[in-house]
Each structure stands twice: as structure tokens, then as C-alpha cells.
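**Q** What follows is a single structure, and I will ask about it in a moment.
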């Protein structure tokens, strides 16, 4: 495993930076630039690159889609959120539409934000491509077909010209897929979701989104620590604050940054990546959450530090 | 984890001590929840002066207490947080769940002058 590339990182529904958001960033950057001189384009680039992320960039708004950089010749990704469209366009752009590719697509669950990108996934319409969908849900194929039925979508699933296969994966049993050892774990979420542990060449990535941790059963906590054990990277559903997740948004099926740090520390994981961002949070709020999570990790640090990052559309994490 | 409780007028004051983590959560819950549920207590104040650390499981117990208190329109407050615990409250957003006060006397005075007077009388008696 070389790492991951995030194509969609937002929870529940896509969002976009709007006009007022862009204006606020420009105003902040220009205020900060007062009194400075820029003698070259390189000076401008250096200044922009040094701006705080929440001013000079954005976390993005596509829903869940994470490419696994397996190191092998075939493509792999977790979830089919709206970020899947950009993933497909990037691969087509790299190889051209006439070059057949194989895509291994692991689905956490079939809620809409995790499958809505498939009707816009260009490679699915190109003969010669091979799409293999993996999941723990018996109704995975039915859910993907249903969202493309009339009157919800004008192009039916049977119009897709790629070769399409569905593979049901049993939880808690290792499977060999695309040179990876893949293990699923059932997670607490309405209708169930599945976390994935991917291992290859001594590197481990865990994708655990749409997963609520109820904090009432010690056994559950230890089971997730085992699932995350010694992972190089844990991509974790940190949609809500702990206060929200245990009160007004209890049983909504999501978790918090606090629980993410605690589980990764217990598991001896190396990096926690906050994921499935709440759509109501703007860039400043997400940057604040990242800084606070890093501080919480510092407060609670044991023997080894845990790196903490926050996913954004376009981020690459190389292990 | 150690736990004591006192009453000043109609206000219950809970005083846990030590680390409120996984090993302490059950005992903390069994000690704290009855105070939050007791209709005799118009308010519950949790004094964190002797709490070194609180984990997610300890915070969950606090949320149960807050829900129980609010269900019967009782007030609930957290006071005298050590700096690390105060940071954890802020990061987890639990500082928006509780009324927050710097000291126990401040909280008592804000919630009930009678309770504050009872606290002052007890302090005079004990000293």
C-alpha cells in the first residue's frame, strides 16, 4: 500500500464553497498581505502556500470516495460518493477512454451519500472497463440499480457498458482482493455499515466511516482497537463533537474526534485522519477541529505520538 | 475514582476525584446519576477540582446526568475544572452542555443565594 488519495470527504450531502465564503477568504488574505511586496510570481505562490489552510484552500464538498494507492496495476477505492466522478475523470484523463482499466470498489453501505457518484462515473459507461463492487450488504446491487431507475435518473443501470460484478464479502474473514488482504467489520449505523482493513506489503490502512461508538460496551471498544491495531492510517468518521454524538445526534450513526483519538491510541495506530465532515461546518470550523484534535492527542499521548490529519478533497497521504 | 456528595439547601454538590476513565465510569455513573434524578435536588453542581482527567466514557456519564437533570427542569453545572479537564470540555463541546463556573461558591451564588448562605455557614462552622 502506498497510501490514499481523497476524492470526497464530506458527510451526508455534497456542499460547495459559496460566494460569501470565497469573498471572506480573499478579504482575509488581502488584509494579511497589507504592507508586503511581491516581486515575482514565485513570491505570490510562496505567500499563498503559507496562508493558513482555511484561508488559502478549502476542505471541499464531495461525499465519500477514497482511492487506495495499492501499488498494483488496478484501481481501488472506498465508496461511491460524489467524489467518484472526479476520480473517474482523472483516470480517463491519465490513460484515455480507450484504455481498459479494472476498478475494485469497496462500499461501506448503501446510504445515498455513499453511492450517489456511480451514475456520474465515466468509466462505468465505457466498454472494456471492469468494475467489481464489494460489500457486506446483501442488497448492494439492488441499491445501486434502484438509484438509477426512473423517475430518479434518466439512464438505467443496464445502460452501463463496463463489465460489472458484485462480490459479497463476509465480515471478520480476510479476503484476497487486488493483492490486498481485506477484512470487513460490521459497524453501528442505521442499516449497518462496514469498515475495511486493507493490508499489503506490511502496510495497513483502515477505512471506518459511518460508525457510531456507543461507549457502553467495553468489548466493542476492544474489538475496534483490534480492527485498528497498528494501522499506518485510520480514516475515521469524526462528523460530530462528542457532545453532539452523545445527545441530540445519538443514534444518528456517527462518531467524534475524541473517540477517534482514543481508539487509535488504544490500537497503537500511527495516523488518524478525520473524515466524513459535517456539511454545516465551514473551513474555519474544520481547521479548528483539527487543531483541537491534535491538542487532545497531545494531552492524552502515551508512549508514541499519533499523527492527526483532516481529510480534504485532493489530499494524498503517502505512507 | 473517589466520590463524595453534599447538599447546600436544595442544591446537590458532587465531588469526584481522580481519573474519570474507563475503569471508573461504572462507579461514577452509579454515584452521579441518582443525584441528577432525585427530585429533591433543584440543581446539581459537579465540582471537578480533584479530577485529573476525563475520557469519552466519563463524559458520556456527564451527558446522562445532564439529560436526567434537564428532564425534570433541574439545573446542572460544572465548576473548578483543572486546565487539562477544561480543555477536554472545550474540545468535546461539553462546555456548552453545562453551566460553567470558576468556583463552587460562584455557582452556588448564581443558582441560589440560600444555598450559598448554607455553604458559607458550613465553611464557618468547619473552620
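Here, each number is a calculation from the coordinates, and none is a lab measurement. As the structure is a prediction and not an experimental result, all values here were calculated from the model. Glycine also receives a Cβ, built like all others from the backbone with ideal geometry; neighbour counts cover every protein chain displayed.
**Q** Would you mind calculating the relative contact order of the range A:203-319 from Cα pairs under 8 angstrom and at least 6 residues apart, reporting the percent as a whole number? Write down the numbers at each step before the final one.
**A** On the way: 199 pairs, mean separation 31.2, N = 117.
Computed value for the range A:203-319: 27 percent relative contact order.
**Q** Same structure again: Does the range A:134-263 come out rounded, prolate or oblate by the C-alpha gyration tensor, with a ≥ b ≥ c the root eigenvalues, rounded set by a/c under 1.5 and, if not, prolate when a/b is larger than b/c and oblate if not?
**A** oblate
**Q** May I ask you to list the residues of the range B:26-52 whose amide nitrogen lies under 18 Å from a point 7 Å from Cα along the Cα→beta-carbon direction of residue A:216?
**A** B:26-34, B:37
**Q** If the viscosity is 0.692 mPa s and the temperature 37 °C, what translational diffusion coefficient in µm²/s does Stokes-Einstein give for chain A when Rh comes from Kirkwood over Cα pairs?
**A** Estimated diffusion coefficient is 161 µm²/s.
**Q** What relative contact order, as a whole-number percentage, does chain B give when Cα pairs under 8 Å and 6 or more residues apart are counted?
**A** Normalised by residue count, the contact order of chain B is 24 percent.
**Q** Here's another thing I want to ask about it. If you average the alpha carbon positions of the range B:25-77 and of the range A:198-255, how far apart do those two centres end up, in angstrom?
**A** Between the Cα centre of the range B:25-77 and that of the range A:198-255, the gap is 26 Å.
**Q** Run a plain Debye calculation on the range A:11-82 (Cα atoms as equal point scatterers, no solvent) and give log10 I(q)/I(0) at q = 0.19, 0.23 Å⁻¹, rounded to two decimals, same order as the q list.
**A** -0.86, -1.00
**Q** Hey, what number do you get for chain B at 222 nm if only DSSP H runs of n ≥ 4 count, each worth -39500 (n - 2.57), divided across all residues, to the nearest 500?
**A** -15000 deg cm²/dmol
**Q** Follow-up question, since we're still on this one. If you wrap the range A:1-138's Cα atoms in a convex hull and average its projection over all directions, what's the area in nm²? Don't skip to the answer; put the middle values down first.
**A** Working: hull surface 43.9 nm².
That works out to 11.0 nm², a quarter of the Cα hull's surface.
**Q** On to the next question. Before rounding to the nearest 500, sum -39500 (n - 2.57) across all DSSP H runs of length at least 4 in chain A and divide by the residue total; then give [θ] at 222 nm in deg cm²/dmol.
**A** Mean residue ellipticity at 222 nm (helix-derived): -8500 deg cm²/dmol.
**Q** Hey, fewest Cβ within 10 Å first, where do A:252, A:7 land in order?
**A** A:252, A:7
**Q** Relative contact order for chain A: what percent, with Cα pairs under 8 Å and sequence separation of 6 or more?
**A** Dividing the mean separation by the residue count of chain A yields 19 percent.
**Q** Rounded to the nearest 0.05, what FRET efficiency do residue A:43 and residue A:23 give with R0 = 25 Å and r taken as the Cβ-Cβ distance? Could you check? Let's see the in-between values first.
**A** Details: r = 24 Å, r/R0 = 0.95.
So, using R0 = 25 Å, E works out to roughly 0.60.
**Q** Hey, can you rank B:62-68, A:83-89, A:39-45 by average C-beta count inside 10 Å, highest first? Can you show the working numbers first?
**A** Working: B:62-68: 20.6, A:83-89: 24.0, A:39-45: 9.6.
Ranking, from highest mean packing down: A:83-89, B:62-68, A:39-45.
**Q** Given a Förster radius of 45 Å and the C-beta distance between residue B:102 and residue A:319 as r, what FRET efficiency does 1/(1 + (r/R0)^6) yield to the nearest 0.05?
**A** 0.50
**Q** If you don't mind, there's one more thing I want to ask. May I ask for the Rg/Rh ratio of the range A:200-319, computed from Cα atoms with Rh as the Kirkwood radius, given to two decimals?
**A** Rg/Rh for the range A:200-319 comes to 0.94.
**Q** May I have the extent of the alpha carbons of chain B along their three principal axes, as whole Å values ordered from largest to smallest?
**A** Rounded to whole Å, the extents work out to 37, 31, 25 Å.
**Q** Here's another thing I want to ask about it. For chain B, what proportion of DSSP beta bridges, expressed in % and rounded to the nearest 5, is antiparallel?
**A** If I count the DSSP bridges inside chain B, around 30 percent turn out antiparallel.
**Q** Next question. Can you give the mean number of other chain Cβ atoms that lie within 10 Å of the Cβ atoms in peptide B:52-62?
**A** Details: counts 0, 2, 0, 5, 14, 6, 1, 6, 9, 2, 2.
Mean shielding count: 4.
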